[in-house]
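The values are calculated or read from the model by the stated rules, or taken from the named source; none is laboratory data. Quantities reported herein were computed from a predicted structural model and do not represent experimental measurements. As a convention, Cβ positions derive from the backbone with ideal geometry for all residues, glycine included, and neighbour counts pool all protein chains shown. Ligands, DNA and RNA are stripped out before the accessible areas are found, and what is left, the full protein with its side chains, is counted by its heavy atoms. Shrake-Rupley method; radii C 1.70, N 1.55, O 1.52, S 1.80 Å.
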Amino acid sequence: MKILKCLFWILYRVYFYILVCLPILVMFPILVVSILKESWYPFFFRLARIWSKFILIGMGFAYKIKRDQKPEKGKSYMFVANHTSMADIMLMLVSVKSPFVFVGKAELAKIPLFGFFYKRTCILVDRSSAKSRHAVFLRAQKRLKSGLSICIFPEGGVPEEHIELDTFKDGAFRLAINHQIPIVPITFGDNKKRLSYTFFSGGPGRMRVKIHKFIPTAGLTIEDTKVLNAQTREVISNQLQLFNPNSKVSQVVFDSATLD
């Protein structure tokens with residue numbers, strides 16, 4: 001039985017990568033055209049949402065999204081969510097219809113095919129470089145001025161398998177305060193079970209998403225960053241415990257202010 005499970009997981013992972021690459025290959029010419037101008041990004045975003053739905057449905061993930069509030073057209077937001085799975089990017093794209101730009105780790109740009117578009121459409125950050133983290137603020141400001149939103153996974157990476165929710169970095173909250181845009185907390189309830197970074201794990205099933213009521217930043221200053229951080233993390237932490245009552249979410253311990 002264990003051998004059969006391992007075989008299933010191997011084939012399931014291979015199948016995932018096939019699903020990731022197949023629509024990119026099929027849509028490659030139109031994807032290339034869509035990234036030629038920054039003003040065409042909303043069109044690229046719509047194509048990315050199609051790509052995401054293709055993968056999630058193909059993997060047998062039945063996603064269910066509950067929204068307490070919906071973004072208004074023409075406004076910018078800071079979308080933040082817990083990060084546990086290889087499918088987080090796809091589920092975020094499916095969950096949010098308003099065009100946004102990911103702030104993500106530069107290492108992903110090395111992934112064949114996917115990385116080609118990733119590094120041309122996302123804001124990349126090298127967490128080991130203070131200069132890179134600072135440059136993110138300038139790039140994000142440009143995107144926000146063009147009317148787009150920003151998405152950051154504030155844990156700054158994928159936590160260890162036994163950690164349900166890691167400490168949040170301050171970068172997303174400083175950006176939101178600097179630009180006076182609302183925080184949109186989003187909780188992914190089942191992604192770790194479906195497709196975690198542990199190779200021999202995962203499988204088809206439900207993916208619950210909760211888009212919480214927005215947290216305003218109007219009138220806040222940089223001194224309020226830690227409070228906003230803790231408030232957002234508490235919202236996601238509480239929802240994780242509602243989704244999975246038997247799991248334990250670690251207590252927040254503030255880290256040094258870094259981005260992503």
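Taking amide H as placed 1.01 Å from N in the peptide plane, Met207 has its amide H under 5 Å from the amide H of Ala62, Tyr63, Lys64, each at least 5 places away in sequence or on another chain. Applying the criteria of a DSSP loop state and at most 16 other Cβ atoms within 10 Å to the trypsin sites (Lys or Arg not before Pro) of the range 1-106 yields Lys37, Lys73, Lys75, Lys97.
Say a site is exposed when it is one of the GluC sites (Glu not before Pro), sits in a DSSP loop, and has at most 11 other Cβ atoms within 10 Å; what is then the longest site-free stretch of the chain? Longest gap between qualifying sites, sites excluded: 161-260. Counting only Cβ charges, +1 for Lys and Arg and -1 for Asp and Glu, the dipole size of the chain around its Cα centre is about 800 debye. When shorter helices are ignored and each DSSP H run of at least 4 residues is given -39500 (n - 2.57), the per-residue value for the chain at 222 nm works out to -14000 deg cm²/dmol. Counting only lysines at least 8 places from Lys64 when in the same chain, those with an alpha carbon closer than 18 Å to its own are Lys53, Lys97, Lys192, Lys193, Lys210, Lys213. Convex hull volume of the Cα atoms of the range 113-173, normalised per residue: 118 Å³. Which log10 I(q)/I(0) values, to two decimals, does the range 1-154 give at q = 0.15, 0.19 Å⁻¹ under the Debye formula with one point per Cα? Here log10 of I(q) over I(0) equals -0.87, -1.35. Rolled with a 1.4 Å probe across the full set of protein chains, the surface gives Ile18 an accessible area near 90 Å².
Going by a ≥ b ≥ c, the root eigenvalues of the Cα gyration tensor, does the range 1-81 fall in the rounded group (a/c under 1.5), the prolate group (a/b larger than b/c) or the oblate group? Since a/c reaches 1.5 but b/c is at least a/b, the shape of the range 1-81 is classed as oblate. Rounded to whole numbers, the Karplus 3J(HN,Hα) couplings from phi for the range 232-244 are 5, 4, 5, 4, 5, 4, 4, 5, 4, 5, 6, 5, 10 Hz, using 6.51 cos²θ - 1.76 cosθ + 1.60 with θ = phi - 60°, and x at Gly and Pro. Taking every DSSP bridge with both residues inside the chain, close to 20 percent are antiparallel. The accessible surface of the chain, taken with every protein chain in place and a 1.4 Å probe, is 62 percent carbon and sulfur. State the Cα centre-to-centre distance between the range 84-145 and the range 1-59 in whole Å. Spelled out, the Cα-based centre of one part sits 16 Å from the other. The base-10 log of I(q)/I(0) for the range 71-118, evaluated at q = 0.30, 0.32 Å⁻¹, reads -1.29, -1.34 [Debye formula, identical scatterers on Cα atoms, solvent excluded].
Close amide-amide hydrogen proximity is noted between Ser149 and Tyr77, Phe100, Val101, each under 5 Å apart and 5 or more residues distant or on a separate chain (H modeled in the peptide plane; Pro and chain starts excluded).
Considering only Ile177, Ile35, Ile123, the Gaussian network model of the chain with Cα springs below 10 Å gives its largest mean-square fluctuation to Ile35. Over the range 89-192, Cα pairs under 8 Å with separation of 6+ residues give a relative contact order of 22 percent. Looking at the range 70-229, the accessible area is 41 square angstrom per residue; that uses a 1.4 Å probe and ignores ligands, DNA and RNA.
Across the range 143-178, the residues whose backbone nitrogen lies under 20 Å from the label position 7 Å along the beta-carbon direction of Ala230 are 154-156, 165-178. Using a cutoff of 8 angstrom between alpha carbon atoms and counting only pairs six or more residues apart, the relative contact order for the chain works out to 25 percent. The alpha carbons of the chain give a radius of gyration and a Dmax of 17.9, 59 Å, in that order.
Between Glu223 and Leu25, the contour length at 0.36 nm per residue exceeds the Cα-Cα span by 66.6 nm. Evaluate E = 1/(1 + (r/R0)^6) for Ile35 and Lys2, where r is the Cβ-Cβ distance and R0 equals 30 Å; express this FRET efficiency to the nearest 0.05. Efficiency at R0 = 30 Å is approximately 0.10.
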